[in-house]
Every structure is written in structure tokens, then in C-alpha cells.
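Below: one structure, written as C-alpha cells.
The values are calculated or read from the model by the stated rules, or taken from the named source; none is laboratory data. Not measured: the values here are computed from a predicted model. Here the Cβ positions follow ideal geometry from the backbone for every residue, glycine too, while neighbour counts run over all protein chains shown.
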Amino acid sequence: MHKPVSLPSGPGEGIGDVRRAQRMHDELSTGFANLAGVRRAVTVFGSARTRPGTKEYDLAFDIGARLAEAGYPVITGGGPGVMEGSNKGAKLAGGTSIGVGIVLPMEQRLNDHLTNGWTCRYFFTRKVFFVKNSQAFIVLPGGFGSLDELFEVLTLVQTRKLDKRPIILAGVEFWGGLVAWINEKLLAEGKVSPGDPDLLHVVDTAEEAVEIVKAHVPAS
């Protein structure tokens, strides 16, 4: 039988944890308030290092614009690179462009193409906001952070913590090796179930990505 947990009662004991828990609570409350009324959003993940004028930046911009034109709010991590491209496309198309930033040791501010943006201290609270109001996810080429976000969403859907919804990998050349590894190693060795790799859609164009969203998610 589990014993109830009690907070430390001595002078100063546990104060840091209590303050940390309060910050987490406040951060979640702020994000929930900021997302109130946002429905059927699409979250776009991708590298902060992608430079304007590159193929990947232009793809992110096109995806953001097409999503906004189709009536979908766009949510990103609010930073530069792919995030900025998607936000810029969405905002210029007259859509809802949301950015949820993160406090990092290196300076990274919110980009200038948001209709609503705020910054989180904790990665886990930030990821709650990427998922909570989103009905589809589009992942462009990125590094560890983008992979973390991709596999977080993939795990939530695989374990049915999240209803099945499109998870779209944009960039066949970039993602092809990962998809092959999932099939040739994870699936072949029984680490995932048949059908799990099918949770991923791989496309090469913004048009393909948004058509998958439209086929699964009615616009708000």
C-alpha cells in the first residue's frame, strides 16, 4: 500500500522544489490561457539553424502559408529557422501564427512573425502546448530538438495517449534513412508493432503535406 507523500516541514526544506512546482503550474496556466479558443491547429517542427533563402526555409514558409489559407492555426517553437519560416508564411497569409519559445543559455528570442507568442522555462511544458490544440504535425529537417519533438508525438499516438492524427515528415531525402531504419531494424526486430511505421507520412512538397492535413482534419 502506498503511503501518502508529505512535503518537507523543516525550515527551508523543499523550498526550491515548491517554487519549481509553482513555476511549472504558472507556466502551464499561462499557456492554456494563451491557447484558449485555438482549435484544429497544426504544429510545425524543424531546425532553428535553417537560413532564410534555403530550400528548407522556403518549404517551411510555403507550408505555413498554405495551412493559414486553409484555415488552420500554425504553432511552432517561435524561434528562427524553420519555425520563423512557417510563422512568417502563416502571418503573411492572414492566419493565426503562434510561437512557444524556450529559455536557453544561448540567446534566442521569439521571431517577428507571430500573432501570439510566449516563452517557457521548461521543455516539457512547452511540448504540452505543441500537442494540446494540434490535430496534425509536420516535421521538417532538424536536429536533436526536432527529433525529440517528433518521437514525443509518435510515442503519444502509438500508446494511444493521443488520438491518431497525421504525423508528416517533409523532405524525402532527409527522412528516408530514418524511415528505412524504423522498418528494417525496429519493425524487423519486433521493437515496434506492424502498422506503427504507417503512423508516418513522408512527403516532399508543401502541397502534399497540407493535402494530408485537409484529408484528416476539417479546418476550424
Apart from one, (1) buried (at least 17 other Cβ atoms within 10 Å of the Cβ); (2) within 23 Å of LYS132 (Cβ to Cβ) all hold for ALA215; the odd one out is (1)
Picked from segment 198-217 (must be among the hydrophobic types (A, V, I, L, M, F, W, C) and outside any strand (DSSP E or B)), the residue modelled with the lowest pLDDT is VAL217
Those residues of segment 146-170 which are of a type in the set (Gly, Ala, Ser) and either crowded, with 22+ Cβ neighbours inside 10 Å or over 10 Å from the mean Cα position of the chain (by Cα) (or both) amount to ALA170
Of the residues in segment 95-140, those that are within 15 Å of the chain's Cα centre (by Cα) and aliphatic (A, V, I, L, M) number 9
When restricted to ALA215, ALA188, ALA170, ALA219, the only residue touching a Gly at 6+ places or on another chain (Cβ under 6 Å) and among the aliphatic types (A, V, I, L, M) is ALA219
Of the residues in segment 177-201, those that are more than 20 Å from the chain's Cα centre (by Cα) and closer than 23 Å to ALA48 by Cβ come to GLY177
ARG40 meets each of (1) charged (D, E, K, R); (2) farther than 15 Å from VAL131 by Cα; (3) touching a residue at least 24 places away in the same chain (Cβ under 8 Å) with one exception, condition (2)
Q.
Whether any residue in segment 159-168 is on the phi > 0 side of the Ramachandran plot and of a type in the set (Lys, Arg) is what I want to check.
A. yes
Practice item. Report whether or not LEU28 is buried (at least 19 other Cβ atoms within 10 Å of the Cβ), hydrophobic (A, V, I, L, M, F, W, C) and part of a helix (DSSP H, G or I). Key: no
Checking the structure you have, find out if any residue of segment 211-218 is among the basic types (Lys, Arg), out of contact with any Phe, Trp or Tyr (no Cβ under 7 Å at 6 or more places or on another chain), without any contact (Cβ under 8 Å) to a residue 60 or more places away in the chain and over 27 Å from ARG49 (Cα atoms).
no
Expected single match for in contact with a helix residue (DSSP H, G or I) (Cβ under 7 Å, 6 or more places away or on another chain), under 20 Å from GLU207 (Cβ atoms), in contact (Cβ under 8 Å) with a residue 12 or more places away in the chain and not aromatic (Phe, Trp, Tyr) among GLY71, GLY46 is GLY46
ARG121 passes all but one of the listed conditions (1) surrounded by fewer than 21 Cβ atoms within 10 Å (Cβ to Cβ); (2) closer than 19 Å to GLY53 by Cβ; the exception is number (2)
Discussion item. Looking at the structure I just gave you, is LEU169 free of Cβ contacts under 8 Å to residues at least 40 places away in the same chain and not in a loop (DSSP other than H, G, I, E, B)?
Written reply: yes
(request) Report yes if some residue within segment 179-189 is surrounded by fewer than 18 Cβ atoms within 10 Å (Cβ to Cβ), touching a Pro at 6+ places or on another chain (Cβ under 9 Å) and of a type in the set (Phe, Trp, Tyr); otherwise report no. (result) no
